[in-house]
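The values are calculated or read from the model by the stated rules, or taken from the named source; none is laboratory data. No experiment lies behind these values; they were computed from the predicted model shown. All Cβ positions, even for glycine, are placed from backbone atoms using ideal geometry, and neighbour counts span all protein chains on display.
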Amino acid sequence: MLEVMNLTKKYGKTIAVDNVGFAVPDGRIGILLGPNGAGKSTVIKSIAGLLKYKGTIRIQGLNSRTMEAKRCFAYVPEMPYMYDALTVREHIEFITRAYGVECTEEELKMLFDRFELTDKQEKLGSELSKGMMQKVSICCALVIKPKVILLDEPMVGLDPAAIRELKTVILDLREKGCTILISTHMLEMVRDLWDATFVMDGGHILGTYVKENVANEDLEELFFSVTGQKAS
Ligand code: ATP
């Protein structure tokens, strides 16, 4: 279970996230859906421990600020980052060593195949496009076999084949019991993934919807009605 309670984050005088609360049960996919500037990245970065905030965040029942909790989750940032001087393969090896996890050659091959990185594994970070870096960033998150995965706008910058593959990977992870939180401003990207959707705007959660109670095709309309935006 991923639980966010009374989360508030200010940047100077700007209140980016205001008393936000939601929970994603084990083995479910939660979507933070909102327009640009809604506060989605701030929520995800707070969960990932990258920001100081007020409130309580629990990951698998553990206070998210503890080392034990930090070992449970992987975070894929909106802006992928790679060290210029490390190859794709070296990046992944670096992550597995840092987390003390095993990744067999077979698992690595499968990941590279899935994301069409097989012929890119000896390329340096400095030689990769943003989309390729995004794929490597996703692979780095997957190799640590997290119980919870946080994906900040993961589909932005990916080509259609990679988006399709990522959706399959996310559904596989759910099948294995992984808890997943995805932020997005594009409902169509996650339409076939969600178990719960939290609509955010202006730093607030304006609506919480669960799959059992809301038809897929109604979610978009609900999004526009609670955010006051017009469908284009
Ligand atoms: P996007 O989809 O555009 O990434 P978002 O929903 O992820 O948007 P955030 O990036 O969390 O939104 O931003 C929420 C609010 O906080 C916005 O008003 C933004 O301008 C502000 N903000 C975000 N980061 C900072 C920062 N480092 N310093 C000051 N204000 C910030």
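Rundown of residues vs (1) polar (S, T, N, Q); (2) under 25 Å from Leu7 (Cα atoms); (3) part of a strand (DSSP E or B), yes/no style:
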residue	(1), (2), (3)
Lys167	no, no, no
Gly177	no, no, no
Leu181	no, yes, yes
Thr197	yes, yes, yes
Met200	no, yes, yes
Gly207	no, yes, yes
Asn213	yes, no, no
Glu217	no, no, no
Glu220	no, no, no
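Would you be able to say whether some residue in segment 223-231 is outside any loop (DSSP other than H, G, I, E, B), farther than 30 Å from Leu111 by Cα and in contact with a Gly (Cβ under 6 Å, 6 or more places away or on another chain)?
Scanning segment 223-231, I find at least one residue that is outside any loop (DSSP other than H, G, I, E, B), farther than 30 Å from Leu111 by Cα and in contact with a Gly (Cβ under 6 Å, 6 or more places away or on another chain), so the answer is yes.
Pick out, from segment 1-59, the strands (runs of 3 or more DSSP E) lying fully within it that include 1 or more residues that are in contact (Cβ under 8 Å) with a residue 12 or more places away in the chain and small (Gly, Ala, Ser).
Filter on segment 1-59 gives 14-24, 29-33, 54-59.
Can you tell me how many residues within segment 159-194 are within 16 Å of the ligand (Cβ to nearest atom) and either among the hydrophobic types (A, V, I, L, M, F, W, C) or modelled with pLDDT of 90 or more (or both)?
9
Give the residue that is surrounded by the fewest Cβ atoms within 10 Å (Cβ to Cβ), with candidates limited to residues of segment 183-192 that are in contact (Cβ under 8 Å) with a residue 60 or more places away in the chain and assigned to a helix (DSSP H, G or I).
Of everything passing the filter in segment 183-192, Leu187 is surrounded by the fewest Cβ atoms within 10 Å (Cβ to Cβ).
Give me a count of the residues in segment 122-136 that are under 30 Å from Arg58 (Cα atoms) and surrounded by fewer than 21 Cβ atoms within 10 Å (Cβ to Cβ).
Adding up the residues that qualify gives 1.
Report, by residue number, each residue of segment 200-228 that is exposed (fewer than 12 other Cβ atoms within 10 Å of the Cβ), under 15 Å from Leu187 (Cα atoms) and of a type outside the set (D, E, K, R).
Within segment 200-228, Ala215, Asn216 meet the criteria.
Please indicate, with yes or no, whether at least one residue in segment 72-83 is in contact (Cβ under 8 Å) with a residue 12 or more places away in the chain, within 16 Å of the ligand (Cβ to nearest atom), crowded, with 16+ Cβ neighbours inside 10 Å and more than 15 Å from Ile182 (Cβ to Cβ).
yes
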